[in-house]
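Presented below is the structure to which this report refers.
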Amino acid sequence: MTPPLHTAFSARFLKQSNKDRAAAMEAYMKGHFTFYGVPSPARKSIQKEVFRNLGMPGDDTFEAEVRACWVAPHREMQYVAMECMERKKWYRKEQSIQLIEWMITERSWWDSVDYIAATLCGGYFQYFPERIYSVVSRWNASENIWLIRSSLLFQLRYRDKVDKDLLTSLMLPHLDSKEFFLQKAIGWILRQVSKSDPTFVRAFVDSHSLSAVTLREAKKYI
């Protein structure tokens with residue numbers, strides 16, 4: 001039986017679908033995903049309506065609902081799943097890291113991974129700081145670029161609470177990577193840290209050989 005949220009959202013998105021917008025969105029995502037062609041404002045309006053009518057899934061069915069949306073063929077459904085996780089604050093449950101990691105590694109691209117890393121992973125590790133080292137170090141040493149990117153970006157919204165010793169240890173193994181998404185992630189987190197600790201970032205960029213992509217991002221505000 002298809003979960004109610006999946007049924008409700010797919011029906012509403014289908015009504016709002018637009019082939020021209022879908023083609024443009026698919027091109028922007030390099031053809032990796034199929035879209036209904038529902039722009040973000042309309043999608044968020046639909047989300048409010050559906051959640052108002054159906055409510056949030058109960059704890060006993062929540063993960064099944066999220067997974068059903070995540071494996072759906074249209075990208076808008078993955079956006080629903082991520083925002084459903086945030087809306088219910090599911091990342092405050094210790095076991096949710098298993099679902100979060102699955103979402104990072106399935107149907108992966110920068111748009112979903114960046115939201116998951118900063119919002120879901122970032123929130124999770126604030127609630128369960130004792131899990132940071134074991135989980136993040138494993139991600140950082142993996143061969144999956146999206147897990148690595150998540151390990152670099154989970155502190156993106158931590159502001160002056162960023163653990164810079166940890167961050168340094170996570171960045172160093174990947175400074176020579178030719179992978180654009182990792183070069184960009186290192187530059188992005190350094191750029192964010194520079195807002196609260198420009199001295200740290202200046203010292204880091206001056207003492208390490210960084211790609212042009214990383215350096216451009218890191219020095220944006222310094």
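At-a-glance table
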| item | result |
| --- | --- |
| Residue 207 being without any contact (Cβ under 8 Å) to a residue 24 or more places away in the chain, open to solvent by less than 50 Å² (accessible area, probe 1.4 Å) and on the phi < 0 side of the Ramachandran plot | no |
| Residue count for the stretch 140-168, restricted to those that are part of a helix (DSSP H, G or I) and either open to solvent by less than 60 Å² (accessible area, probe 1.4 Å) or basic (Lys, Arg) (or both) | 16 |
| Residue in the stretch 75-86 that is in a loop (DSSP other than H, G, I, E, B), in contact (Cβ under 8 Å) with a residue 12 or more places away in the chain and under 29 Å from residue 23 (Cβ atoms) present | no |
| One residue from 26, 86 being at pLDDT 95 or above and under 30 Å from residue 135 (Cβ atoms) | 86 |
| Subset of the stretch 33-62 that is loosely packed, with under 12 Cβ neighbours inside 10 Å and under 24 Å from residue 99 (Cβ atoms) - its residue that is modelled with the lowest pLDDT | 55 |
| Residue tally, condition open to solvent by 40 Å² or more (accessible area, probe 1.4 Å) and either in contact with a helix residue (DSSP H, G or I) (Cβ under 6 Å, 6 or more places away or on another chain) or polar (S, T, N, Q) (or both), over the stretch 7-23 | 5 |
| Some residue of the stretch 182-191 being open to solvent by less than 30 Å² (accessible area, probe 1.4 Å) and either small (Gly, Ala, Ser) or at pLDDT below 95 (or both) | yes |
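The values are calculated or read from the model by the stated rules, or taken from the named source; none is laboratory data. All values derive from a computational prediction rather than experimental measurement. Here the Cβ is made from the backbone with ideal geometry for all residues, glycine too, and neighbour counts use every protein chain on show. Surface accessibility is based on the protein's heavy atoms, side chains included, excluding ligands, DNA and RNA. Shrake-Rupley method; radii C 1.70, N 1.55, O 1.52, S 1.80 Å.
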